[in-house]
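Please read the structure below before turning to the comments.
The values are calculated or read from the model by the stated rules, or taken from the named source; none is laboratory data. Being a predicted model, the structure only gives us computed values, none of them experimental. With ideal geometry, Cβ positions are generated from the backbone for all residues, glycine too; neighbour counts draw on all protein chains shown.
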Amino acid sequence: MIAVLRRGLTAWLLVVAGLWGAPASADHHVGTLDTVGSDTMAGLMLRWGELLSQRYPGLRVQLQAAGSASAPPALTAGTTLLGPMSRPMDDEERAAFVERHGYPPREVVVALDALVVVVNRHNPLKSLSQREFDAIFSETRRCGAERAIQRWEALGLASPAGPIVMHGRNAVSGTHGLFRREGLCGGSFRPDVNEYPGSAAVVEAVAGDPLAIGYAGLNHLTPGVRAVPLRDTEGRIHRPDPLAVRGDDYPLARALRIYVNQPPGTSLPVAERTFLELVLSAEGQAIVEELGFVSLPTATLARQRRILELDDGA
């Protein structure tokens, strides 16, 4: 049984429930596993949770996807042992965790993704430089533009003609934070950027307006929008395809992470360990590809398994 409950516009509680009356299995795969964090990763966490619940009917998985910013406080408070994040934990968040627990969280990369700048499918824009999209989205222009870009004509287009309408994620999102840091050179967004709790809403808004531009996760592309290739300072074009993301040849590529509260010298509880074993398996990485993300290269996958000591025969 799968129940999906909405908490306002910024949080989802996704519950993957096993068969409540199922007897405990011999290997004790019973109980509840809680995770709190990324909205971008909600679909991934749900699919992994569904598969785990099918395999171990006595195991109940609760997934709360309120945004990456919700993961560090939940990990620090002990509300969860697993915190999915679409951006790295920052120094302040990490310091708060260490102050509370006396050791750092384990950082495990579980998939690859990319941020894409999207325009309406009828928009003929061929590419954007970082300086240009910073001049569109930011009020600080730290990437070096002399002036803001507010109309499509300023990009050399005859059509569409008119003001650029901007769409993006809200401040609790890891996507928002990463785009601000990497795309806007650490600057600030313009106050007239329309903000949404999820990338799907951003893409929908851009698909419905010829004058719109936005940014979202790679796996949210639809036929109504087009991902704009990025142009570097030497004029080379970088497209957000899986090969470029896996080969670190796309400027806004990112790793998707699960942070783990595991005291040094201890083993993870059975539920959390089994979940992470699935995530970092061939089957788990196939789900990554199925949902439009990019699976980990073989060497990276092996390294993440070593971090959690998943191949030690335990």
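Check whether at least one residue in region 107-124 is under 30 Å from ASN261 (Cβ atoms), more than 24 Å from the chain's Cα centre (by Cα) and in the same structural domain as SER267 (by TED's automatic domain parsing), and report yes or no. Checked region 107-124: no residue is under 30 Å from ASN261 (Cβ atoms), more than 24 Å from the chain's Cα centre (by Cα) and in the same structural domain as SER267 (by TED's automatic domain parsing). The single condition among (1) surrounded by fewer than 22 Cβ atoms within 10 Å (Cβ to Cβ); (2) touching a Ser or Thr at 6+ places or on another chain (Cβ under 7 Å) that LEU256 does not meet is (1).
For the residues PRO264, PRO251, PRO240, PRO223, the requirement of being part of a loop (DSSP other than H, G, I, E, B), in contact with a Phe, Trp or Tyr (Cβ under 6 Å, 6 or more places away or on another chain) and surrounded by fewer than 18 Cβ atoms within 10 Å (Cβ to Cβ) singles out PRO264. Among the residues making up region 30-56, those that are crowded, with 24+ Cβ neighbours inside 10 Å, aliphatic (A, V, I, L, M) and either within 20 Å of VAL202 (Cβ to Cβ) or out of contact with any helix residue (DSSP H, G or I) (no Cβ under 7 Å at 6 or more places or on another chain) (or both) are MET41, LEU44, MET45. Each residue in region 267-287 was checked for being in contact (Cβ under 8 Å) with a residue 60 or more places away in the chain, within 18 Å of the chain's Cα centre (by Cα) and part of a helix (DSSP H, G or I), and 5 pass. Of all residues in region 57-80, those that are in contact (Cβ under 8 Å) with a residue 60 or more places away in the chain, buried (at least 21 other Cβ atoms within 10 Å of the Cβ) and not aliphatic (A, V, I, L, M) total 5. Within region 142-183, the set of residues being of a type in the set (Lys, Arg) and surrounded by fewer than 19 Cβ atoms within 10 Å (Cβ to Cβ) comprises ARG142, ARG147, ARG151, ARG181. Whether a residue is modelled with pLDDT of 95 or more, under 16 Å from the mean Cα position of the chain (by Cα) and either among the polar types (S, T, N, Q) or farther than 21 Å from VAL202 by Cα (or both) was assessed, and GLU290 passes this test.
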